[in-house]
Amino acid sequence: MTKTQLTEGVYWVGVVDWNLRDFHGYTTPRGGTYNAYLIVDEKIALVDTVKHAFAGEMLERIKEIIDPSNIDYVVSNHVEIDHSGSLHEIMKIATNAQIISTEKGKEGLLKYHGGNWNFRTVKTGDELKLGRKTLFFITVPMLHWPDSMSTYIKEDRLLLSNDLFGQHLASSFRFDEDACSLLDECDVLMDEAAKYYANIFMPFGGLILKKLEEIQKLGIEMKMIAPSHGVMWKTPGKIIEAYQKWGKGVSKPKVLIIYDTMWNSTEVMATEVLRGIADSGIEAPLFHLRKNETSEIVKEVLEARAILLGTPTLNNDMFPTVSGFLTYLLGLKPKNKLWATFGSYGWAGGGVRGVNEKLKSSGYEIVDSLEVRFRPDETDLAKCYALGQKMASLVKSSATA
Ligand code: FEO
């Protein structure tokens with residue numbers, strides 16, 4: 001097995017999960033990785049583990065470098081079991097190892113795994129000297145769980161960031177600069193980083209901006225960032241800049257049309273709204289909710305200035321796919337968006353009203369709303385076109401990127 005070294009004495013001992021296609025509901029057509037890191041100094045530390053099914057592969061990588069029974073510390077940056085799932089396997093071998101985590105991490109690890117382990121809990125600013133190298137801990141609560149933490153190797157200026165800055169991407173490349181030596185791979189890398197941010201970190205943009213500021217005030221210079229998913233950033237400027245932009249909710253002049261349809265009336269409306277937007281020279285991708293994956297649509301939401309939601313009416317309410325999508329999307333708290341709604345009904349209506357009520361109850365304002373009975377006629381279609389033009393005009397004057 002080829003060893004992957006980040007800096008002297010620091011190794012990647014994670015695994016690539018080429019067959020991962022679903023990560024607790026988030027679709028991962030390009031697979032994923034679980035990154036663990038081994039720091040070999042006078043003392044030996046393992047930072048995070050991998051999903052339980054891959055414990056053997058991780059242990060084989062560790063054995064290529066050291067005897068795992070010699071591990072002194074297991075740093076658990078995050079409880080979620082894609083990172084702590086092999087803790088039992090490690091602790092069975094490294095019987096004298098101490099687990100380093102936040103207080104909330106300890107609580108979660110014990111609840112999940114129930115081990116009788118020796119813990120040391122840490123908070124921002126605490127350090128652990130391994131010999132020549134010093135681990136400096138930075139708690140990152142709600143980025144994205146209450147227990148989350150990053151570990152910084154001071155002498156190497158290397159941040160083991162855990163979920164922050166990750167991507168669900170299985171690749172034969174371990175480092176960004178290798179991926180970016182091929183143009184397509186580089187585009188894929190940033191695309192997956194955006195999808196990951198949108199589906200996991202979007203609700204926490206404000207916290208991310210504050211944490212980046214705090215990290216700067218702590219005098220931490222990130223020469224390299226090694227997240228717990230995807231490739232490692234040897235040139236981290238690009239991903240830090242992207243996180244700053246996404247955290248601020250910077251938007252492009254782009255309108256997303258997201259809809260479902262029963263007997264094509266809502267679809268006819270959607271395409272006419274699209275024509276109105278496109279004729280104004282604004283980008284407007286169209287997403288049928290049963291023909292596109294939710295996590296992919298959410299990636300597009302990240303930088304779009306406006307969202308148009310279309311629904312037919314079923315049993316006096318919005319269509320179930322629209323309801324499910326809205327529940328997921330509103331949980332991610334997208335910010336700085338212009339919202340409009342449209343849809344159709346046959347008897348008493350209620351689809352568009354349902355969407356509007358759900359948006360309003362989440363604190364969003366609706367720029368415009370349009371509902372037609374049965375099939376849209378010429379007058380209705382003219383209103384759809386006008387809605388498209390209105391949204392295009394608003395987006396032109398207010399996009400921030
Ligand atoms: Fe990669 Fe929050 O687990």
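The values are calculated or read from the model by the stated rules, or taken from the named source; none is laboratory data. Bear in mind the structure is a predicted one, so any value in this text is a computation, not a measurement. We place every Cβ from the backbone using ideal geometry, glycine too, and count neighbours over all the protein chains shown. Ligands, DNA and RNA are excluded from the accessible area calculation, which covers all protein heavy atoms including side chains. Shrake-Rupley method; radii C 1.70, N 1.55, O 1.52, S 1.80 Å.
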(request) Would you check if Ile44 is surrounded by 22 or more Cβ atoms within 10 Å (Cβ to Cβ) and touching a residue at least 60 places away in the same chain (Cβ under 8 Å)? (result) yes
(request) Sort through Asp67, Asp17 and tell me the only one that's out of contact with any Leu (no Cβ under 7 Å at 6 or more places or on another chain), buried (at least 18 other Cβ atoms within 10 Å of the Cβ) and not small (Gly, Ala, Ser). (result) Asp17
(message) Can you pull out every residue in segment 15-24 that is in a loop (DSSP other than H, G, I, E, B) and either free of Cβ contacts under 8 Å to residues at least 60 places away in the same chain or touching a Cys at 6+ places or on another chain (Cβ under 9 Å) (or both)?
(response) Asn19, Arg21, His24
(request) State which residue pairs qualify: first residue in a loop (DSSP other than H, G, I, E, B) and inside segment 81-97, second residue near the ligand (Cβ under 10 Å from one of its atoms) and open to solvent by 10 Å² or more (accessible area, probe 1.4 Å) in any location, beta carbons under 7 Å apart, and separation of 6 or more residues or different chains. (result) Gly85/Lys51
(message) Checking the condition touching a residue at least 24 places away in the same chain (Cβ under 8 Å), among the β-branched types (Val, Ile, Thr) and surrounded by fewer than 19 Cβ atoms within 10 Å (Cβ to Cβ), which residue from Thr33, Thr27, Thr49 passes?
(response) Thr27
(message) Please determine whether any residue of segment 114-135 is within 16 Å of the ligand (Cβ to nearest atom), within 27 Å of Ser69 (Cβ to Cβ) and buried (at least 18 other Cβ atoms within 10 Å of the Cβ).
(response) no
(request) Would you tally the residues in segment 181-223 being open to solvent by less than 80 Å² (accessible area, probe 1.4 Å) and of a type outside the set (A, V, I, L, M)? (result) 16
(message) Contact list please: Cβ distance under 6 Å, first residue in segment 195-209 and of a type in the set (Val, Ile, Thr), second residue within 13 Å of the ligand (Cβ to nearest atom), pairs at least six apart or on different chains.
(response) Ile200/His144
(request) Answer yes or no: is there a residue in segment 175-193 that is in contact (Cβ under 8 Å) with a residue 60 or more places away in the chain and hydroxyl-bearing (Ser, Thr, Tyr). (result) no
(message) Out of the residues in segment 87-113 meeting the condition of being among the β-branched types (Val, Ile, Thr) and within 18 Å of Gly56 (Cβ to Cβ), tell me which one is most open to solvent (accessible area, probe 1.4 Å).
(response) Ile93
(request) Test each condition in (1) in a strand (DSSP E or B); (2) in contact with a His (Cβ under 9 Å, 6 or more places away or on another chain) for Ile39 and report the one that comes out false. (result) (2)
(message) Going through Val74, Val140, Val79, Val122 one at a time, which residue ends up being closer than 17 Å to Leu38 by Cα, of a type in the set (A, V, I, L, M, F, W, C) and at pLDDT 95 or above?
(response) Val74
(message) Please determine whether any residue of segment 225-248 is open to solvent by 30 Å² or more (accessible area, probe 1.4 Å), within 27 Å of Ser148 (Cα to Cα) and outside any helix (DSSP H, G or I).
(response) yes
(request) Can you tell me which residue among Asp82, Asp178, Asp72 is more than 26 Å from Gly205 (Cβ to Cβ) and either open to solvent by less than 50 Å² (accessible area, probe 1.4 Å) or within 16 Å of the ligand (Cβ to nearest atom) (or both)? (result) Asp72
